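Working notes, structure below.
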Amino acid sequence: MRPDDHDFDEEIRGHLAIGIQERIDRGFSPEAARLAALREFGYLPATRDEMRRVWHSRWLDAMSALGQDMRVALRSLRHAKGLVITVVITLALGIGANAAIFSVVRGVLLRPLVNRDEARLIYIRQSAPGLGADNLTFSVPEIADLKSRVTSLAAFGDFSTVSFTLIGIGEPRVIQAGVVGGSFFEVMGLRPVLGRLLTEGDDGPAAAGVAVLTHRFWTTSLNSDPAVIGKSITLGPRTATIVGVLEPSVPYPADTEIIANIVTSPHHLGATMVTGRTHRMTELFARLAPGATLEQARAELGSIHAAMVSAHPDSYSAKAGMQITATPLRDQITSPARTILLLLLAAAGVVFIIACSNVANLILARSVRREGELAVRAALGASRGALRRTLLAESLVLCGAGAVLGVILARPLVAIVASFAARFSVRALEVAVDGSVLWVGAGLAMAAAVVLAYVPRLPSTDGPASLAATGVRLTPATSRRLRLLATAQIALSFVLLAGAGMLVAALINLQAAGTGLEMRQVLALDVPAPLGEYGARVVDFYQELARRVGELPGVEAVAVGNFVPWRDAGSFGPAVPFAVEGYTPADGEESQRGRLRIVSPRFFDVLNVPLVAGRQFTEDDRRGSELVVIVSQTLAQRLFPNGEALNRKMWWTDPYFGKQPLPRRIVGIVADVDDENVVRAPAMMVYHPFQQLGVAGRVFVRTGGDPYALVPAVKRVVREMSPNQPVERPATLEDVRAEVLTPDRLNAFVISGFAGMALLISVVGVAGVLAFSVSARIREFGVRLAIGSSPRSLLVGVLSEGAVIVAIGVAAGAVGGYAFAGLAAAFLSQVQLPGALPLAAAAALMLGAAVLASLIPAARASRVDVLQALRSE
Amino acid sequence: MAKPRDDQRIDLLQGTLDMLVLRTLQWGPQHGHGIGQAIRAQSDDLLRVETGSLYPALHRLEKRGWLKAEWGVSEANQRAKYYHLTAAGKAQLSRERDRWSQLVGAIGRIMNPAGSE
């Protein structure tokens, strides 16, 4: 049985008693015997401690003392509810935000992919810096070249995205499908959860059409129905059998519903795809060969690519400066999210620092009030360690409560941040709150608690001077500390606020920018060409469609085209090179490039694009009549500054359009419409009449009433003409553009949220410091009122104290922020400095909020009761 | 018997105190004061055990299960804690005794190598 303290005491007492008795027996006087026995024993408490130490470890003792202190802390904090609430909420916000951001960062950037041996899985990218193209993807002949020569890569997998009209599962609709070679799944290292995946046996034009469902599609749209295996579906003109379901994995390069073999896509079997060296639409994956390193693979790919480029000079222009790069797949997937997530992590960190310094201020103020109590304890012999432990116990209680609340808060925050990050990385879709949040929360709380326990200064134990303190005494040193912390908070908040202001200003600019189009009254819909219809039949279909929709009540005009502004941006590849008679490029000048668009007559009326010169397309611009185009104003002026563009002939020079150039006469010039970029830039546009090319797919309806009210009627009209016809994504152009701006809006929203949080915390901090300083100077205010100061001057005095803190903080924030941005700009190319307007707005907001918050303590100072104040000490 | 002068007293070797305590208790249960006195008397006053070392050592041995303690009353009718050896304590004593003879033998061979005399 473990002896307790009483046992130790008894044992020592017994020892002494025996020793004393022995000495008395030998003739000592009782007093001398007692002294001798005590002297022989030595320092009594030390022995007693040593005995205790055998049974109780030092650590256990400290913990039990701390537990004791925590019970005391809980009791004493019950009398400071305002402090507790402020501290807990402030810390909860700081900890919650950090835990949430950290979960997302961990889930998106750090967690390995599910793919087998993912570290050896790489993504190969072909880029053309000269053309500003980051990722050109690959053509089939290019892939064949690489495959036949590279030895440092064990296997290649290819993936291309194709739109199919899917019939057989749910409503007929247009889906994005992956089309892959048989090696794809093996290279990616993915397994089926049901059935089988595609293999080499599914390659070639003679194979049967087979498709694999992605896990997300199977679970969300098909209720995880296992009977779907073996089902036959129609993919455009072909059919395919569903053979399996893919395990949950990051959908990359595209989030598709199904992944099918090559034979399902007629395009993949055609000559353009198989032999066209510049017909690039395939993404390339590979696995490093055993023993090969990423560097070896990069070097080998680089030299083989260079040889390929020089062997086919007609396909690779020198100006494009084509390059090949290989990155681990995980980096490739996470790279778009990396910058924004690290930025958010930094913002959350700043909020945490602000929260901590605010809490430190509050605790510092509290410890000043407790100086008397601490001094008494010190005088009574409490060691500095014991006093520290008291403070630590209190801050542990506070921070622990903050952490618990913060972790609870983290769950909804993770959902918000993950949906935000999903705009940048598909991995964010899988992020959930996990155990790491708890650890991050607990870690941050511990860090905060320890820091906070060391913020207050302990009373000096020399001399009784400190014992004399009765009321609140604010020494200049403490006052300086409080103000310094408040100023630091303001400075940090200001940096966040200025950053948010910059994003909001950019967003406002984007939203307010003119587009040159009718935005509100034009409804755009995706109506793909009916199955199995080509050429003239397609033209007939859309003409009939336009006629019937035009007869609907409320419809003012209808047009068809191939491109919904902004929404279809990037989906038609880079601009195409062309030539115009009468225009000779200067030596070494790359040929002009234009964006190919296909539109019906009245397109420019529907979208309200003014005609600058010449004529619009008419119903007579049809197959067999003279080939004509309409160009944009920028194109006309850039090539022919003197305005002789009209009636000249142009032709596309890309081999994709055939070896023989097909000259088309420029019959009209229209105002610029930049349908690729939300920020309007000069646009080189070449419009073709749709009857001559027989390609459309997008319908534009202009109405005087509510555009969305027309959707059911338009759908009905289309279904009457062709029952299996998909009609999708109806939206006004205004909403299309808003949708494209969503990531910018989310950026501004989230950073503003952080900035708002920081603003709130730091303004409360300033008010808290003022309130404390007022309460410490009640007597001073009383005296000043008594000798004739007006309450108003006291109010202004306190307000100006607050304003000074904020002004210094803002100035420090501005200087520090610029210095940091300059530093960051040295490493990151995208760093921008905010303009003067958002900066001034942020400063004004900061100052206004702080003055408002200071009103409460200031009013208190001006309403001091003179008599009471003078009597208070 | 003349008392040895202070500088003749010998500091106990690390670990030997435990052995001496166990050995002392072989004669029967004893309290802390008695154990200290016994060691002193047995060593002709050469070894004096500080109470600051003795009591922690007693508790250490008790914790390891080599000793057991019981409250009792001394000859002079004072309440005291009496320690006695457990079976494990006896085994430990014989282990320590072996180790000690080996140590003494080894040190003896080093200090007085055979053939050097």
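All of the numbers you see were taken from the coordinates with simple rules; none came from a lab. Owing to the predicted nature of the structure, the values given are computational and were not obtained by experimental measurement. No Cβ is skipped: glycine too gets one built from the backbone with ideal geometry, and neighbour counts run over all protein chains shown.
Relative contact order of region A:529-725, please, whole-number percent, based on alpha carbon pairs below 8 angstrom and at least 6 residues apart.
Once normalised by length, the contact order is 34 percent.
What's the exposure ranking of A:His279, B:His84, going from fewest to most Cβ atoms within 10 Å?
B:His84, A:His279
Give me the lysines in straight-line cross-link reach of A:Lys649: C-alpha distance below 25 Å, same-chain residues under 8 apart excluded.
Within the straight-line cut-off, A:Lys649 pairs with A:Lys659.
Across 10 Å bins from the origin, how do the percents of Cα pairs in region A:15-116 run, short distances first?
Histogramming region A:15-116 at 10 Å steps yields 12, 16, 15, 16, 15, 10, 8, 6, 2, 0 percent.
Would you kindly derive the ³J(HN,Hα) couplings of region A:219-235 from the backbone phi angles with the Karplus curve 6.51 cos²θ - 1.76 cosθ + 1.60 (θ = phi - 60°), listing them in order in whole Hz, with x for Gly and Pro?
7, 7, 9, 10, 6, 6, 6, x, 6, 5, 5, x, 6, 9, 10, 9, 10
Find the all-direction average of the projected area of the Cα convex hull for region A:137-321, expressing the result in square nanometres with one decimal place.
Projected area, direction-averaged: 11.3 nm².
Please average, across the residues of A:13-22, the number of beta carbons from any other chain that are within 10 Å of each residue's own beta carbon, and give a whole number.
Other-chain Cβ atoms within 10 Å of each residue's Cβ, averaged: 6.
Give the lysines reachable from B:Lys68 as a straight Cα distance under 22 Å; neighbours fewer than 8 places away on the same chain don't count.
B:Lys81, B:Lys90
In peptide B:34-45, how many Cβ atoms from other protein chains are near each Cβ within 10 Å, on average?
Working: counts 2, 0, 3, 3, 0, 0, 0, 0, 0, 0, 0, 0.
Partner Cβ neighbours, averaged per residue: 1.
Going by how many other beta carbons lie within 10 Å of each one, how would you line up B:Leu58, A:Leu60, fewest first?
Details: B:Leu58 24, A:Leu60 10.
Ascending Cβ contact count within 10 Å gives the list A:Leu60, B:Leu58.
Once amide H atoms are built 1.01 Å from N in the peptide plane, which residues 5 or more positions from A:Thr282, or in another chain, come under 5 Å H to H?
Result for A:Thr282 returns A:Phe138.
When N is the residue count of region A:5-56, what does its C-alpha Rg come to as a fraction of 2.2 N^0.38 Å?
Compared with the compact-globule rule of thumb, region A:5-56 sits at 1.25.
Can you list residues from other chains, or at least 5 along the same chain, whose modelled amide H is less than 5 Å from the amide H of A:Thr732?
A:Ala524
Would you please name the GluC sites (Glu not before Pro) within region B:51-108 that are DSSP coil residues with at most 14 other C-beta atoms within 10 Å of their C-beta?
Those that pass, being in a loop and sparsely packed, are B:Glu75.
Averaged over peptide B:71-84, how many Cβ atoms belonging to another chain are found within 10 Å of each residue's Cβ?
Working: counts 4, 1, 1, 4, 2, 7, 2, 8, 6, 7, 8, 1, 0, 0.
Taking the mean over all residues of the peptide, I get 4.
Based on the alpha-carbon gyration tensor of region A:247-322 and its eigenvalue square roots a ≥ b ≥ c, which shape applies: rounded if a/c is under 1.5, prolate if not and a/b is larger than b/c, or oblate?
oblate
If we sort B:101-107, A:299-305 on the protection proxy, mean other Cβ atoms within 10 Å, highest first, what's the order?
Answer by packing, highest mean first, reads A:299-305, B:101-107.
Calculate the translational D of region A:289-403 in whole µm² s⁻¹ from Stokes-Einstein, where the hydrodynamic radius comes from the Kirkwood formula applied to all Cα pairs, the temperature is 10 °C and the viscosity 1.306 mPa s.
The calculation lands on 76 µm²/s.
Whole-Hz Karplus ³J(HN,Hα) for region A:687-702, in order, using 6.51 cos²θ - 1.76 cosθ + 1.60 and θ = phi - 60°, x for Gly and Pro?
Karplus values, whole Hz, x for Gly and Pro: 9, 10, x, 5, 5, 7, 9, x, 10, 8, x, 10, 10, 10, 10, 10.
Please give me, ordered by residue number, the trypsin sites (Lys or Arg not before Pro) of region A:838-873 that lie in loop per DSSP and have at most 14 other Cβ atoms within 10 Å.
Hits after loop and neighbour filter: A:Arg863.
Apply the membrane-span-like helix rule to chain A: whole DSSP H runs, Cα extent along the own long axis of at least 15 Å, mean Kyte-Doolittle hydropathy at least 1.0. List the helices found.
TM-like helix candidates: A:81-105, A:329-369, A:384-421, A:435-453, A:476-512, A:742-776, A:791-827, A:836-862.
I want the local charge near A:Ala636. Using Cβ-Cβ distances under 11 Å, sum +1 for each Lys or Arg and -1 for each Asp or Glu among the other residues.
Numbers: positive: A:Arg638, A:Arg648; negative: A:Glu644, A:Asp672.
Combined, the nearby Lys, Arg, Asp and Glu give 0.
Short version: ³J(HN,Hα) in whole Hz for each residue of region B:88-93, in order, from phi by Karplus 6.51 cos²θ - 1.76 cosθ + 1.60 (θ = phi - 60°), x for Gly and Pro, what are they?
Each residue of region B:88-93 in turn: 5, x, 5, 4, 5, 4 Hz.
Express the relative contact order of chain A as a whole percentage, based on alpha carbon pairs under 8 Å and six or more residues apart in sequence.
Normalised by residue count, the contact order of chain A is 14 percent.
For region A:106-196, what are Rg and Dmax over the alpha carbons, in angstrom?
Answer for region A:106-196, Rg first and Dmax second: 16.5, 46 Å.
Can you list residues from other chains, or at least 5 along the same chain, whose modelled amide H is less than 5 Å from the amide H of A:Gly157?
A:Phe285, A:Ala286
Based on the Cα coordinates of chain A, what is the per residue volume of their convex hull in Å³?
Enclosed volume per residue, from the Cα hull, is 258 Å³.
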